[in-house]
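Written out below as structure tokens is the structure these notes cover.
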Amino acid sequence: MKVSHYFEWEEYITGGHAQSVDNQRKIMDRRGIDYTPEPTLDADLLHLNNMGPKSLYWAKKAQRADVPVLVHTHQTAEDFRESFALSNLLAKPMKPYLEYAYSLADHLVCPSEHNRRVVAEYADAPKTVISNGFDPEKVEGYDDEELREEYLDRYDLDPPVVFNVGHVIKRKGLESFVETARAMPDLDFVWFGYLNPAGGELDRFLKSRDTKRLVESAPDNCQFTGYVEDIEGAFAAGDVFFWPSKNENEGIALLEAMSCGKPLVIRDIPTYDWLDDETHCLKASGAVSDFTSQLDRLRDPALREELGANAAAKSREFELDAVGEDLVELYQRTV
């Protein structure tokens with residue numbers, strides 16, 4: 001089997017979307033599946049990961065050539081809101097565009113059951129839920145004590161550290177993160193990651209006005225590190241993973257935090273119906289008072305250890321070796 005595995009605008013897209021594509025390619029590498037990152041009809045399957053205009057062109061071309069088209073539903077209008085500058089304005093025309101784009105697929109791959117329910121309103125094509133998964137090797141050094149001390153010293157952090165990992169955008173609960181930190185001045189809050197690893201002009205352009213305001217007005221106990229090269233250091237330094245995101249298709253950083261045995265405090269949103277409150281995590285309604293109440297409970301090291309161990313056990317379902325079988329089986333079935 002040969003797969004044309006195309007990721008349009010690959011050189012510009014970062015974060016979980018890019019990590020998902022990288023995970024798919026790792027799966028193919030490990031299972032000996034021949035693939036090319038270029039769009040081509042000289043393949044048994046066309047797998048598209050970002051439905052830009054060039055992807056639409058190749059999807060229609062593949063239809064005429066009877067090459068099956070598989071599309072990953074990484075984007076929804078709902079998930080796009082409150083992300084980058086002008087995203088709320090662009091989300092309105094984005095939905096009919098994606099409705100058309102997803103209708104070109106012979107089969108849709110949805111990273112979560114929540115995403116599948118949302119995309120059901122977009123297109124009638126058959127859908128299969130396959131987690132984006134995570135590579136445990138990426139964070140295997142998180143328990144290195146020297147690395148932990150290095151990152152605690154670098155950012156002047158005093159455990160227990162409340163942390164987040166990922167793009168700093170409003171949709172991911174930026175305001176809740178900042179205001180919860182303001183309400184808990186005796187705890188250190190740190191957000192590892194920024195909008196764009198390259199920084200510079202693109203980074204400044206993409207940040208919305210609200211994002212800039214919230215970051216600049218954060219209290220002294222709340223800091224934003226910018227992009228960090230060694231992500232293991234972030235997971236080494238953090239003690240409680242605070243994930244107040246308002247809307248997610250899945251959330252690879254959350255899976256990574258779980259695998260590191262970090263206890264979770266998350267917003268109670270439909271995406272995480274598969275996580276049991278009080279067992280795998282602590283859920284909050286979204287009010288700052290609820291977040292502070294749950295974080296207060298995790299001052300207890302025993303509760304942190306218990307929830308972290310449960311989260312780590314649950315995360316094994318999402319390791320690449322586990323989800324890879326599902327992706328390969330879908331490839332074979334579609335072809």
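The values are calculated or read from the model by the stated rules, or taken from the named source; none is laboratory data. Since the structure is predicted, the reported quantities are computational estimates derived from the model, not experimental observations. A quick note on method: Cβ atoms are made from the backbone with ideal geometry, for glycine too, and the neighbour counts reach across all protein chains shown.
Structural remarks
- Options ASP230, ASP273, ASP220: the member that is farther than 23 Å from GLU149 by Cβ and surrounded by fewer than 23 Cβ atoms within 10 Å (Cβ to Cβ): ASP273
- Flag if ASN23 is part of a helix (DSSP H, G or I), modelled with pLDDT of 95 or more and either under 24 Å from the mean Cα position of the chain (by Cα) or not assigned by TED's automatic domain parsing to the domain that holds LYS246 (or both): yes
- Residue in region 180-205 that is nearest to TYR155 (Cα to Cα), counting only those that are of a type outside the set (S, T, N, Q), modelled with pLDDT of 95 or more and in a helix (DSSP H, G or I): ALA181
- Of the residues examined, ALA120 is not one that is buried (at least 22 other Cβ atoms within 10 Å of the Cβ), more than 19 Å from the chain's Cα centre (by Cα) and either of a type outside the set (Phe, Trp, Tyr) or modelled with pLDDT of 95 or more (or both).
- Exactly one residue out of THR279, THR292, THR271, THR225 is polar (S, T, N, Q), in a strand (DSSP E or B) and either closer than 30 Å to VAL21 by Cβ or modelled with pLDDT of 95 or more (or both): that is THR225.
- Residues that are in contact with a helix residue (DSSP H, G or I) (Cβ under 6 Å, 6 or more places away or on another chain) and of a type in the set (D, E, K, R) within region 88-143 comprise LYS95, LYS127, ASP135, listed in sequence order.
- Positions within region 233-242 being crowded, with 22+ Cβ neighbours inside 10 Å and either at positive phi or of a type outside the set (Val, Ile, Thr) (or both), in sequence order: GLY233, ALA234, PHE235, ALA236, ALA237, GLY238, PHE241, PHE242
- Residue pairs whose Cβ atoms lie under 6 Å apart, sitting 6 or more positions apart in sequence or on different chains, and linking a residue in region 108-133 that is assigned to a helix (DSSP H, G or I) to a partner that is of a type in the set (A, V, I, L, M, F, W, C), are GLU113/VAL129; ARG116/CYS110; ARG116/VAL129; VAL119/CYS110.
- Flag set for GLU38, criterion: more than 24 Å from the chain's Cα centre (by Cα) and modelled with pLDDT of 95 or more.
- Residue in region 171-179 that is at pLDDT 90 or above, in a loop (DSSP other than H, G, I, E, B), of a type in the set (Gly, Ala, Ser) and more than 23 Å from ARG148 (Cα to Cα) present: yes
- Among the candidates GLU248, GLU256, residue that is among the acidic types (Asp, Glu), assigned by TED's automatic domain parsing to the domain that holds GLU149, touching a residue at least 60 places away in the same chain (Cβ under 8 Å) and assigned to a loop (DSSP other than H, G, I, E, B): GLU248
- Number of residues in region 288-299 that are touching a helix residue (DSSP H, G or I) at 6+ places or on another chain (Cβ under 9 Å) and loosely packed, with under 13 Cβ neighbours inside 10 Å equals 1.
- Test: residue in region 40-61 that is touching a strand residue (DSSP E or B) at 6+ places or on another chain (Cβ under 6 Å), surrounded by fewer than 17 Cβ atoms within 10 Å (Cβ to Cβ) and not charged (D, E, K, R): yes
- Of residues in region 16-35 being free of Cβ contacts under 8 Å to residues at least 12 places away in the same chain and within 19 Å of GLN332 (Cβ to Cβ), the one surrounded by the most Cβ atoms within 10 Å (Cβ to Cβ): ASP29
- Residue in region 279-301 that is within 20 Å of ASN132 (Cα to Cα), out of contact with any Pro (no Cβ under 8 Å at 6 or more places or on another chain) and of a type outside the set (Asp, Glu) present: yes
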